[in-house]
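Report on the structure given below.
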Amino acid sequence: MIVSVDYGQKRCGVAWGESNPSSSTVVPKEELAEFLRELKPDVLVFGLPLSMSGRYSCQTFTVIEFAEKVRFSLGKIPVFLVDERLSTKMAHSILKETKSNVSVDAVSASLILENYLRNPEAAFMMYDELPKLTIPKISAESVLIHEVCDPGVLDSIEAKRLDVLQSDPYVAYLFKKRVRFVERMEQFLEGDYDIILSSKPDRVKDLLKRNGEMIRVKCP
């Protein structure tokens, strides 16, 4: 059974089913883990709040942190993150059209589950373990870490300005625990980096200083 969660500060919408949402409800946040243990899901899906432009927000990392705690409490079952932009707006529209008294949180959870079932490849997995990378010691005024799969590389980097550009939200969350600035969209970066550490250097070469250094890393 696949279970989806629409996170809220006080309560969470929950939906579940096999090939489509068959049931949904609303559960107080503090009771969610116990409720999920009783459901015994095979896969858990959390709606991921992003800004309308696709950027991370404080709420993005709040949800991932909560999802991680739930994941560990359930014995590390597969947990995925699904872009939930517009799900609440769509849920309100559905309720208005149907004149239903179902909770908007429950409807949002059903939409999140539908999105996952329709396109599971677009979901981001919360990994049990990430690949370990070895890099040379880096010391510079400004460094960009771009699409690097191992937050452990931070142990080898010293920089006054250290930014992370990462499209995978779970990896971004792990970097965010140690770095002030983590971005998802390159157009919001200042650029002019002395060193860029990247698994996809062609995408960020314009952000490098004229005499800067590009260090390529390989992420599986």
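Quick notes on this one:
- Over the residues of the chain, the helix contribution to mean residue ellipticity at 222 nm works out to -8500 deg cm²/dmol, using -39500 (n - 2.57) for each DSSP H run of at least 4.
- Partner lysines whose Cα lies under 26 Å from the Cα of LYS160, excluding those fewer than 8 positions away in the same chain, are identified as LYS132, LYS137, LYS176, LYS177, LYS200, LYS205, LYS209, LYS218.
- Contact order relative to length of region 138-216, as percent, for alpha carbon pairs under 8 angstrom and 6 or more apart: 31 percent
- Sites LYS10 and ARG216, calculated FRET efficiency, Cβ-Cβ separation with R0 35 Å, nearest 0.05: 0.15
- Sparse-neighbourhood loop sites, trypsin sites (Lys or Arg not before Pro) in region 1-93 - DSSP loop, at most 14 other Cβ within 10 angstrom: LYS10, ARG55, LYS76
- Region 131-175: trypsin sites (Lys or Arg not before Pro) in DSSP loop, at most 10 other beta carbons within 10 Å: LYS132, LYS137
- Here is the list for region 105-157: GluC sites (Glu not before Pro) lying in DSSP coil, each with at most 13 other C-beta atoms within 10 angstrom of its C-beta, are GLU129.
Any read-out appearing in this document is the output of simple, stated calculations on the displayed coordinates, not a laboratory observation. Keep in mind the model is a prediction, meaning the values are calculated, not measured. Using ideal geometry, Cβ is built from the backbone for each residue, glycine included, and neighbour counts are taken over all protein chains shown.
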